[in-house]
Amino acid sequence: MKNSYHLLSRRRFLQLAAASSTSLAFGGVGAYPLAAPNGVATNKDWHQGELKHLIPLVNHHQMLIKTSFEKPLDFTPMLRVDDKMIMGKRTDTLGRFWQFFVTDLQADRQYELQLTNANKETITDSWPLKTFPAPDAEPESLRIFAFTCAGGNEDVAFPDGTHFFQSLAVRQALFKRGLSFNPDVVISNGDHIYWDQRSAFMRPDHKPEFREPWLKAFEEYGYMDRDKPVLGTENESILTGIVDAQIADLYGVTFRSVPVFMLTDDHDMFENDDATEDLITLPPDPHMLDSARTTQSLYYPEFLPDDTRPVKLSGSNNADRLSGLSENFGTLRYGSLFEGLLYDTKRFSTIDGANAQVIPLEAEHWLAQRNASDDVQHLAHIPSTPIGWSAGKWGEWYPDVLQANGKLGKQTPKPYWPEGWWLQHQRILTSIHKQTDRAPVIMSGDLHAFSCGKIRTSGELDFSDNPINTMCVGTVGSSDPVFASWYRKVGPQIPTDMELENLFPPLEKNGFSIIDVTPEKITVNMFAWRQPESVDAIETMEPFFSYDIARPKGNAKA
């Protein structure tokens with residue numbers, strides 16, 4: 001198997017860009033138009049009426065679309081899909097939030113959509129949305145726009161004006177730049193919400209100056225009553241106020257023509273993964289689960305059914321959701337070209353020593369079955385917690401924690417960390433490594449940094465004959481206090497028990513990855529930005545790193 005990577009010089013980027021006055025060549029995929037797709041540059045010209053946000057997801061024969069409006073509707077909205085009319089289903093108690101589930105669609109076909117009222121009077125302009133190719137189809141290319149940690153309230157700041165999260169304007173500029181490359185799909189990997197209801201105040205290392213910005217924000221938005229359900233109580237308006245500011249106001253209608261896979265992680269349950277004498281946040285308690293499930297139900301699509309994913313996985317096929325949907329385990333299947341396995345590594349965590357699990361055993365078995373499959377040319381694991389790097393957090397696969405010498409290590413044990421998390425990590429990596437007809441690939445979120453490398457050993461396991469390609473795709477929302485080197489006083493590092501070839505030192509900047517897939521290879525281009533660079537620079541941001549992951553020789557489609 002051949003891998004190649006390089007840091008792109010400005011000269012090389014200009015050479016690529018000069019290949020066409022209207023296109024940018026990336027990794028052999030071919031020329032993609034730089035003109036923004038429908039729904040990006042034309043937002044100001046697209047009439048959205050009272051529609052506040054819209055996030056779609058598709059597979060090869062279905063669509064699931066989540067919407068909200070500026071105020072409750074006194075009618076049931078309809079979605080026109082070509083000549084088919086789909087009645088909306090209300091997901092809140094007031095009528096602001098509606099979802100649309102569309103079935104029996106043709107694969108690889110673009111549909112024209114429009115929101116109307118019951119009398120077919122239009123609420124919005126129309127827009128296009130395309131289904132994926134059928135699982136047995138043979139598409140020639142796929143382009144993915146990937147990022148993590150897009151959440152955070154832009155107003156949370158220290159008295160000196162240092163903000164915890166990038167402004168919505170910065171995040172939307174990053175979205176616009178990523179969408180300018182016309183991706184087929186978006187992966188937003190975890191931490192769509194930052195609103196730690198207890199851990200923000202109960203961590204012993206949080207000094208008063210750190211707590212004050214959060215206390216101010218909580219006073220503004222309100223405190224949810226942990227003894228009451230979210231929907232149908234005063235908690236509902238508090239939650240929607242919190243989440244509007246982090247999802248609806250951020251995403252708006254920008255992604256209406258691009259399917260968005262939104263994977264959940266710890267902060268999406270309104271807590272950090274913390275373990276102290278006074279508070280252990282995993283496994284999540286009922287209020288955390290209710291907050292997370294309500295947020296997803298209102299704001300972004302659950303994962304659509306897939307024939308290769310068991311319907312009985314935890315968090316799947318729940319009675320209060322549409323049949324077959326999964327809240328925490330998803331499949332991005334794009335013909336026979338690519339399959340991405342998305343899995344939440346926090347929702348079902350257990351902490352009982354050597355028996356502890358990050359994901360349920362049935363989910364681990366699902367991953368192993370897909371690793372052993374031969375019906376797809378490229379397969380990538382997409383976990384919400386990074387594999388290959390540690391920031392010393394409690395809820396990681398690794399026992400590493402900040403030591404007295406200022407580095408991560410195991411000499412002083414990580415409190416409350418269960419050995420079973422590492423044991424499951426080893427089983428999953430063993431299963432990934434067994435793939436010999438395609439390159440083993442992991443694309444992680446959560447780290448608040450870019451990283452890319454090849455795992456050669458992990459504990460007693462030797463992967464040197466088929467190194468595992470792993471990466472973290474870049475963070476959209478993080479600002480200075482959220483980066484590990486600022487908050488945890490140590491940057492991302494390779495875990496003690498792992499030998500990993502860093503292709504570049506982990507980079508704490510904002511940005512995203514554009515991932516191109518062809519039968520022959522996966523090409524990753526990473527785009528990074530951080531103050532004091534100007535926001536205007538985002539519009540012409542160049543990839544700082546490019547990495548090719550080739551299929552083993554003889555297995556790529558001729």
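The values are calculated or read from the model by the stated rules, or taken from the named source; none is laboratory data. What you are looking at is a predicted structure, and each value in this text was computed from that prediction instead of being measured. Here Cβ is always computed from backbone atoms with ideal geometry, including for glycine, and neighbour counts include all displayed protein chains.
Below are the figures for this structure:
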quantity: Residue among 124, 131, 148, 93 that alone is touching a residue at least 60 places away in the same chain (Cβ under 8 Å), in contact with an Asp or Glu (Cβ under 7 Å, 6 or more places away or on another chain), surrounded by 20 or more Cβ atoms within 10 Å (Cβ to Cβ) and farther than 30 Å from residue 211 by Cβ; calculated: 131
quantity: Residue, surrounded by the most Cβ atoms within 10 Å (Cβ to Cβ), within region 410-433, restricted to residues that are within 23 Å of residue 452 (Cβ to Cβ) and either of a type in the set (Val, Ile, Thr) or more than 24 Å from the chain's Cα centre (by Cα) (or both); calculated: 432
quantity: Residue in region 479-493 that is touching a residue at least 12 places away in the same chain (Cβ under 8 Å), among the hydroxyl-bearing types (Ser, Thr, Tyr), in a strand (DSSP E or B) and in contact with a strand residue (DSSP E or B) (Cβ under 6 Å, 6 or more places away or on another chain) present; calculated: no
quantity: Matching residues in region 447-466 - criterion: being touching a residue at least 60 places away in the same chain (Cβ under 8 Å) and of a type outside the set (A, V, I, L, M); calculated: 448, 450, 451, 452, 453, 454, 466
quantity: Set 337, 282, 239: member being touching a residue at least 40 places away in the same chain (Cβ under 8 Å) and under 19 Å from residue 98 (Cβ atoms); calculated: 239
quantity: Residue selected from region 486-514 under the condition β-branched (Val, Ile, Thr), surrounded by 17 or more Cβ atoms within 10 Å (Cβ to Cβ) and in contact with a Leu (Cβ under 8 Å, 6 or more places away or on another chain), by the criterion farthest from residue 141 (Cα to Cα); calculated: 490
quantity: Residue identified as surrounded by 15 or more Cβ atoms within 10 Å (Cβ to Cβ) and outside any loop (DSSP other than H, G, I, E, B) among 195, 214; calculated: 214
quantity: Residues that are part of a strand (DSSP E or B) and of a type in the set (S, T, N, Q), drawn from region 508-558; calculated: 510, 513, 523, 525, 546
quantity: Residues being within 22 Å of the chain's Cα centre (by Cα) and either small (Gly, Ala, Ser) or farther than 18 Å from residue 527 by Cα (or both) - total across region 495-512; calculated: 1
quantity: Near pairs, Cβ below 9 angstrom, 6+ apart or cross-chain, from region 515-543 (at negative phi and surrounded by 15 or more Cβ atoms within 10 Å (Cβ to Cβ)) to any residue that is assigned to a loop (DSSP other than H, G, I, E, B) and β-branched (Val, Ile, Thr); calculated: 516/29; 517/29; 518/29; 523/29
quantity: Complete set of residues in region 316-345 that are farther than 22 Å from residue 130 by Cα, buried (at least 21 other Cβ atoms within 10 Å of the Cβ) and touching a helix residue (DSSP H, G or I) at 6+ places or on another chain (Cβ under 9 Å); calculated: 327, 328, 329, 343, 344, 345
quantity: Condition broken by residue 531, with the remaining ones in (1) at pLDDT below 95; (2) in contact with a Pro (Cβ under 6 Å, 6 or more places away or on another chain) satisfied; calculated: (2)
quantity: Residues satisfying the stated conditions in region 494-507, i.e. of a type in the set (S, T, N, Q) and assigned to a strand (DSSP E or B); calculated: 502
quantity: Residue check, residue 254 of a type in the set (Ser, Thr, Tyr), more than 24 Å from residue 72 (Cβ to Cβ), in a loop (DSSP other than H, G, I, E, B) and in contact (Cβ under 8 Å) with a residue 40 or more places away in the chain; calculated: no
quantity: Which listed residue is out of contact with any helix residue (DSSP H, G or I) (no Cβ under 9 Å at 6 or more places or on another chain) and either touching a residue at least 60 places away in the same chain (Cβ under 8 Å) or farther than 25 Å from residue 150 by Cβ (or both), from 431, 444; calculated: 444
quantity: Matching residues, region 117-161, being in a loop (DSSP other than H, G, I, E, B) and hydrophobic (A, V, I, L, M, F, W, C); calculated: 118, 123, 132, 134, 137, 149, 150, 156, 158
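Here's the yes/no breakdown for (1) under 19 Å from residue 318 (Cα atoms); (2) out of contact with any Phe, Trp or Tyr (no Cβ under 7 Å at 6 or more places or on another chain); (3) surrounded by fewer than 23 Cβ atoms within 10 Å (Cβ to Cβ); (4) modelled with pLDDT of 95 or more:
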| position | (1), (2), (3), (4) |
| --- | --- |
| 264 | yes, yes, no, yes |
| 270 | no, no, no, yes |
| 274 | no, no, yes, no |
| 279 | no, yes, yes, no |
| 284 | yes, yes, yes, yes |
| 288 | yes, no, yes, yes |
| 294 | yes, yes, yes, yes |
| 298 | yes, no, no, yes |
| 305 | yes, yes, yes, yes |
